[in-house]
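The next block holds one structure in the form of C-alpha cells; read it before the comments.
Computed from the coordinates by the stated procedures, all read-outs in this text should not be read as laboratory data. Quick caveat: nothing in here was measured; it's all calculated off a predicted structure. Cβ: placed from backbone, ideal geometry, glycine included. Neighbour counts: every protein chain shown.
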C-alpha cells in the first residue's frame with residue numbers, strides 16, 4: 001500500500017529550468033562577475049557564498065532536484081504537542097499573530113523562497129488532522145475569557161514580544177522558550193489575534209485543497225465564530241492561489257463557499273511579484289499566473305470578502321522602471337487593489353548566484369545590475385531575517401518613492417513592515433503606521449477589529 005499521493009499541479013508553465021533552451025549553469029566567481037562587467041568589488045566572504053551556491057545549483061540541475069516533486073505524504077499530529085509559532089520578527093507587529101502551518105514544504109516551488117532559500121528537495125508532508133490543533137488554539141486564545149486583562153498583562157506581552165524579536169536575530173535557540181511564555185500569557189484573554197494561514201508555505205496549494213485540509217481549517221473558524229460571536233480572532237491569508245484552487249470543491253463546498261461564511265472576520269491578500277514574465281515562470285513553477293491571482297481577488301470580493309490588498313514581493317530592482325511600475329500597478333488598480341506592501345528581493349548569496357544566472361539567460365544587463373545592487377561590501381549589513389541581503393538602502397528608498405508617486409495618483413496606499421521602516425528609516429510622514437485606507441504592516445486591515 002502506498003504511503004504517498006501523486007498529484008498534478010493546477011497550474012504550470014511550458015518551459016522550466018530543465019527545458020530552458022541553451023541554459024547551462026556556471027560558477028559565479030570573480031572571473032564570472034568581471035566578464036559580466038560588474039563594477040563593484042564584493043568581499044571574499046560574498047564571493048565564497050556565490051561560488052558555493054553556484055556549485056550546489058549545478059548539482060541540483062544535474063540531478064533534477066530544482067523543482068519540487070508533486071508527491072504528498074500524509075501524517076497526523078498530536079494537537080496537544082504542536083509548538084505554537086508567533087509571526088512577529090520585530091516586536092512591533094500591530095497585533096499578536098499566530099501561524100497556521102498545516103504542511104511542511106511547498107508545491108508552488110518559488111526559487112526565491114524566504115523559508116527554504118529556494119531549495120525544495122525536502123519531502124512534502126501534510127497533516128490531515130491539523131484542524132484539531134486550530135480548534136484547540138482558537139478555543140485557548142479567543143474562547144470565553146477567563147478573567148479581566150490587566151495593564152501588567154499588556155506590559156508583559158509587549159516585553160516578551162521585544163524579547164522574541166531580539167532572540168530571532170541574536171539567539172534563535174531561545175525562540176521556542178519565549179513563544180511558549182507568550183502563548184501561556186495569552187490564554188483566556190481573547191486579545192486581538194490574527195491567525196496567519198500560512199506564512200511558511202502556500203495555504204491553498206494542491207496538497208491542502210485536494211485533501212480537504214484547507215477546507216477543514218476554515219470550517220474550524222466558522223464553528224468558532226458561531227460558538228463565540230464576540231471572539232477577537234481574525235483570519236489573515238496571503239496567497240498566490242488562482243480560481244482553480246479557490247473553486248475546488250471538497251465534500252460539497254469550495255474554499256470560496258467557506259470564505260463567504262467568514263465575511264467580516266477574515267481578509268484575503270494576493271501575493272504578486274514585479275519581474276520579467278519569463279523569469280517569473282521559472283521562479284514560480286507551479287503558481288497561478290498573475291491574471292489568475294487577480295481573478296481570485298475579484299471572486300473573493302464578489303462573496304463580500306475583504307480582498308483589496310496585495311503583497312508585492314519580490315520586486316527585482318533592475319526591472320523596476322517607470323514603464324513597468326505603471327503597467328504593473330494599473331493592472332492591480334483595475335483588479336480593485338487599493339493597498340500594497342512592497343518588498344524587494346532578499347536572498348542569501350548562495351540563492352542569488354542561481355537567481356542571477358536565470359535572469360541573465362534572458363537579459364545579461366539585468367543580471368549585471370542585479371549583482372551590483374546587492375554585492376557592495378558597504379551593503380553587507382542590510383540583512384533581513386536569517387541573513388538574507390537586501391538591495392542598497394538608498395536605491396530601496398528611491399524605488400519606494402517612485403512607486404508611491406505613481407500609485408498615489410490611483411488612490412492606492414502603501415504599507416510596510418517595521419523591519420523595512422527601521423532599516424530604511426522611513427518616517428511616519430511618508431508612510432503612516434496605519435495608512436489612509438486602514439492598512440498597516442503586511443497589509444493587515446485594522447478595521448477588521450472594529451465591532
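The angle between the Cα long axis of helix 130-142 and the longest principal axis of the Cα atoms of the chain comes to about 60 degrees, rounded to the nearest 10.
The protection proxy used here, the mean number of other Cβ atoms lying within 10 Å of each residue, ranks peptides 96-107, 150-161, 182-193 as follows, highest first: 96-107, 182-193, 150-161. Here the residues 389, 24, ranked from fewest to most Cβ neighbours within 10 Å of their Cβ, fall in the order 24, 389. Beta-bridge orientation, segment 72-307: approximately 20 percent antiparallel, per DSSP, counting only bridges with both partners inside. Averaging Cα coordinates gives a centre for segment 9-73 and one for segment 118-176; these two points are 35 Å apart.
A crude spin-label estimate for the pair residue 405 and residue 177, with each label 7 Å from Cα along the Cβ direction, gives 5.0 nm. This ranking places 181, 81 by how few other beta-carbon atoms lie within 10 Å of each, fewest first, which gives 81, 181. Protection proxy ranking for 61-70, 205-214, 409-418, 167-176, using the average of other Cβ atoms within 10 Å per residue and placing the highest first: 205-214, 409-418, 61-70, 167-176.
How far, in degrees from 0 to 90, does helix 393-407 lean away from the longest principal axis of the Cα atoms of the chain, to the nearest 10? Here the helix axis deviates by roughly 70 degrees.
The alpha-carbon atoms of segment 209-284 define a convex hull whose volume equals 104 cubic angstrom per residue.
Each of 337, 5 has some number of other Cβ atoms within 10 Å of its Cβ, and from fewest to most they run 5, 337. Secondary structure note: in the chain, about 30% of the DSSP beta bridges are antiparallel.
In degrees, nearest 10, range 0 to 90: what is the angle between the Cα axis of helix 322-334 and the longest Cα principal axis of the chain? Its long axis makes an angle of about 30 degrees. Taking the three principal axes of the alpha carbon atoms in segment 108-227, the coordinate ranges are 46, 42, 17 Å, sorted in descending order.
Taking Cα centroids, how far is segment 245-267 from segment 320-335 in Å? Answer, in whole Å: 29. Note on segment 198-228 and segment 386-451: Cα centroid distance 29 Å, given to the nearest whole angstrom.
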